[in-house]
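The values are calculated or read from the model by the stated rules, or taken from the named source; none is laboratory data. Just so you know, these numbers come straight off a predicted model, no measurement behind them. Backbone-built Cβ (ideal geometry, glycine too); neighbour counts: all protein chains shown. Accessible surface areas use protein heavy atoms only, side chains included; no ligands, DNA or RNA. Shrake-Rupley method; radii C 1.70, N 1.55, O 1.52, S 1.80 Å.
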Amino acid sequence: MLFRSDGLWLVDIFNAVYSMFFIVLVVFANTGSLLLTLAGMFEILFSVPIAMFAWMMIGQDQLSILELLGLFLILCIGADDIFVFTDTWKESAVMPHSISGSLATRFTWTYNRAAGAMLTTTFTTAFCLLLNAASPFPSLRAFGLFNMFVVIADYVLCITWYACATVCLSRLAGDTCKPGENWEWSCCCP
């Protein structure tokens, strides 16, 4: 049965919306930027269609609701990746001048540190999900394999899309704002 007849499925949908709203608020509190929050949420949510493409490329033609429950998994993992990259980017601003002196050196330092840390967590999570392929239950195998693709896609999007969004916003702020000002709240919309 797709929907429960008791109406409790509506409660499940509201809980899903609340959890997504909570993640958005926490990401916004961490980044301090509405644009970076939106870029991060795009990165998290777009990892699912990329995983669907990879899922079809390995010959699968069906996707059940169980695999899509991994959306809650990737909301948490994706938010964590955003926190790692954003905090490392903020840390690079207060490093010695050899690191914080230019946007290129800040990005290089941030990328090397953040991408390496995220790769470790992504690899371990993806490997654990891949271990589900040994399960005798087909639904558990499918859950693990599909969500392995989701976790890998999120990592790739975080080190490409989100990293570019962070640098572009910083460059925009550097070109149009006084030092230390936020582009969204000080320069664009005072």
Exercise. Relative to the compact globular guide of 2.2 N^0.38 Å, what is the alpha carbon radius of gyration of region 63-153, as a ratio?
Worked result: 1.40
Exercise. Tally Lys/Arg at +1 and Asp/Glu at -1 over every other residue whose Cβ is under 14 Å from the Cβ of CYS158; what's the total?
Worked result: -4
For this session: Note the angle between two axes, namely the Cα long axis of helix 34-57 and the longest principal axis of the Cα atoms of the chain, as a number of degrees from 0 to 90, rounded to the nearest 10.
Result: 40
Exercise. Over the chain, what percent of the accessible surface lies on carbon and sulfur atoms, probe 1.4 Å?
Worked result: 73
Exercise. Normalised by the number of residues in the chain, what is the relative contact order in percent for Cα pairs under 8 Å and 6+ residues apart?
Worked result: 26
Problem set entry | Value at 222 nm in deg cm²/dmol, rounded to 500, when DSSP H runs of n ≥ 4 in the chain each add -39,500 (n - 2.57) | -25000 deg cm²/dmol
Exercise. Where nothing but the Cβ of Lys and Arg (+1) and of Asp and Glu (-1) is charged, how large is the charge dipole of the chain around its Cα centre, in debye to the nearest 20?
Worked result: 280
Exercise. Once the chain is represented by equal point scatterers at the alpha-carbon sites, with solvent omitted, what log10 I(q)/I(0) does the Debye formula produce at q = 0.09, 0.12, 0.17 Å⁻¹?
Worked result: -0.40, -0.67, -1.10
Exercise. Which shape class applies to region 4-115: rounded if a/c is under 1.5, otherwise prolate when a/b exceeds b/c and oblate if not, where a ≥ b ≥ c are the square roots of the Cα gyration tensor eigenvalues?
Worked result: oblate
Problem set entry | Whole-Å distance, taken between Cα centres, linking region 72-130 and region 20-63 | 16
For this session: Whole number in Å², please: accessible area per residue of region 33-190, 1.4 Å probe, ligands, DNA and RNA not counted.
Result: 53
